[in-house]
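Inspection log for the structure reproduced underneath, given as structure tokens.
We did not get these values from a lab; they are worked out from the coordinates using the rules stated. Since the structure is predicted, the reported quantities are computational estimates derived from the model, not experimental observations. Note that each Cβ is placed from the backbone with ideal geometry, even for glycine, and that neighbours are counted across all protein chains shown.
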Amino acid sequence: MTAVDHPRAGATVSASAPPAKPARSGKSLALALIAGAAGAAVVLLASGRTWARATAVVAQGELPQTASGQDVTGVPGALAIVGLAALVALFAVRGAGRIAVAALLALSGLGTVVGAYLGISDTGALREKAATATGLSDAGVQGVSHTFWPWAAVAGGLLLLVAGVLALLYGRRWPAMSGRYERAGASPRGTRRRTAADPDRPEEMWKSLDRGEDPTR
């Protein structure tokens, strides 16, 4: 009896082992969704905030100038939108298409990081605003200072990059949007085959008439 019981215990352990992969896949999916959505939101928020401040020197005094992320560079905001669209599109494609979209998501994050980092010490936007305010093409600026918002955009880009890397590594195991509502062998909606009414059951004939069908067919 003991020799027979041991294989059963082993069979129980082996049967319960496979569900570990779906659990790991679910964690990677949740992490990618959170990282991608949060990263895009942070980048879009940071792009609209002030990145740099300075004063333009004129004969009458000084004019304070500010430059937002969009003034400095429009790359992070544009790539954040691309990354967010790629994150949604991941669940509409499968196979090689999903890998391509995951690569686009990762590249969007990488481009966002590079674009935001290059804008951290940029003063070109401040000089352009100073020239517009003073009417002098060679207007100078002084007292330049930068806020933390460019660094926030860098962090958001890193989150997008993490989401793209997770999609590249585990995306093949994630469910697709279209597969959620389909059943194998199910007929399309509205094409269900009608069975002829049984002449020995009058109630079925009345139901056929209510549906606009010919019960004699």
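Condition (residue is without any contact (Cβ under 8 Å) to a residue 12 or more places away in the chain, surrounded by fewer than 18 Cβ atoms within 10 Å (Cβ to Cβ), out of contact with any Cys (no Cβ under 6 Å at 6 or more places or on another chain) and not small (Gly, Ala, Ser)) applied to the range 89-108: is it met by at least one residue?
Scanning the range 89-108 turns up no residue that is without any contact (Cβ under 8 Å) to a residue 12 or more places away in the chain, surrounded by fewer than 18 Cβ atoms within 10 Å (Cβ to Cβ), out of contact with any Cys (no Cβ under 6 Å at 6 or more places or on another chain) and not small (Gly, Ala, Ser).
Taking ALA52 as the residue in question, decide whether it is touching a residue at least 60 places away in the same chain (Cβ under 8 Å) and either closer than 29 Å to LEU166 by Cβ or among the small types (Gly, Ala, Ser) (or both).
Taking the combined requirement at face value, the residue satisfies it.
Quick one: which helices (runs of 4 or more DSSP H) lie wholly within the range 38-118 and hold at least 1 residues that are of a type in the set (Phe, Trp, Tyr) and closer than 20 Å to TRP151 by Cα?
Once the helices (runs of 4 or more DSSP H) in the range 38-118 are filtered for at least 1 residues that are of a type in the set (Phe, Trp, Tyr) and closer than 20 Å to TRP151 by Cα, what remains is 96-118.
Here is a check on your reading of the model: is THR132 hydroxyl-bearing (Ser, Thr, Tyr) and touching a strand residue (DSSP E or B) at 6+ places or on another chain (Cβ under 8 Å)?
Working: hydroxyl-bearing (Ser, Thr, Tyr): yes; touching a strand residue (DSSP E or B) at 6+ places or on another chain (Cβ under 8 Å): no.
So THR132 does not fit the description; no.
Kindly establish whether VAL101 is within 14 Å of the chain's Cα centre (by Cα) and hydrophobic (A, V, I, L, M, F, W, C).
Yes, satisfied.
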